[in-house]
Amino acid sequence: MDKFRRELESFVREVYESERKVLVFGEGPLHARVMLVGEAPGEREALEGRPFVGRAGKNLDAFLQGAGLKRDELYVTNAVKFRPVRISQAGRTVNRPPTQEEVRIFAPWLLREIALVAPECVVTLGNVPLRAVTGERLSIGDIHGGFLSAGGRTLYPMYHPASMLYNPSLRNVYAADLARLALWLAEQKI
Ligand code: URA
């Protein structure tokens, strides 16, 4: 994993030359059973250098706990490894979704990271990582909470935890999807 990170860092330095991108790498046990893949770091994540430590992350942690899943047993990463930003009308630096180009640039690195961790299940959080991992224009609303096979791996698409902040009616859906994942994990052990 150290080699992977060094290579990714020098790749980003080359591609983004003068931009001095701050990278937020994945974290968690190298051979975790589950790998969670988000979209891209936000402000808090870029400041702390850790994925999912901001508002969406707190939301995620609470739901994981509710399903009996321990975050420190999971490997957590993002499809894009730097914080995508834009300047707002008020002149502030704010988050923006990653562009397709940014997702495309990082996709081979994400696939390599998945191969290194080799989890039993890759859980994509939202459309961006779902499309990055499958290379297809799938929609999370159609396929969340079901197991798929992609590139020889088991994939479990879920909504992004920030989606519940905008749409609280997704909270029950989220809890049910996580409970199904926890059950599946328990069954794999039998
Ligand atoms: N949203 C993401 O997709 N990833 C993070 O790390 C934080 C927020």
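The values are calculated or read from the model by the stated rules, or taken from the named source; none is laboratory data. This one's a predicted model, so the numbers in the text were calculated from it and none came from an experiment. Reconstructed Cβ throughout: ideal geometry from the backbone, glycine too, with neighbour counts over all protein chains shown. All accessible areas refer to the heavy atoms of the entire protein, side chains included, with ligands and DNA or RNA removed. Shrake-Rupley method; radii C 1.70, N 1.55, O 1.52, S 1.80 Å.
Restricting to the range 18-33, count the residues that are loosely packed, with under 13 Cβ neighbours inside 10 Å and on the phi > 0 side of the Ramachandran plot.
Summing the residues that are loosely packed, with under 13 Cβ neighbours inside 10 Å and on the phi > 0 side of the Ramachandran plot in the range 18-33 gives 1.
Show the residue pairs that are 6+ apart or on different chains and have beta-carbon atoms under 8 Å apart, the first residue being within the range 132-157 and in contact (Cβ under 8 Å) with a residue 24 or more places away in the chain, the second being among the basic types (Lys, Arg).
Sorted first by the residue in the range 132-157, then by its partner, the pairs are 145/180.
Which one of the conditions (1) modelled with pLDDT under 95; (2) near the ligand (Cβ under 8 Å from one of its atoms) does residue 40 fail to meet, given that it meets all the rest?
Result: residue 40 fails condition (1) only.
Could you give every pair whose Cβ atoms fall below 7 Å, whose first residue belongs to the range 1-12 and is touching a residue at least 12 places away in the same chain (Cβ under 8 Å) and loosely packed, with under 14 Cβ neighbours inside 10 Å, and whose second residue is hydrophobic (A, V, I, L, M, F, W, C) and part of a helix (DSSP H, G or I), counting only separations of at least 6 or pairs across chains?
1/116
Are any residues in the range 169-190 assigned to a loop (DSSP other than H, G, I, E, B) and open to solvent by less than 100 Å² (accessible area, probe 1.4 Å), and if so, which ones?
Correct list: 169 only.
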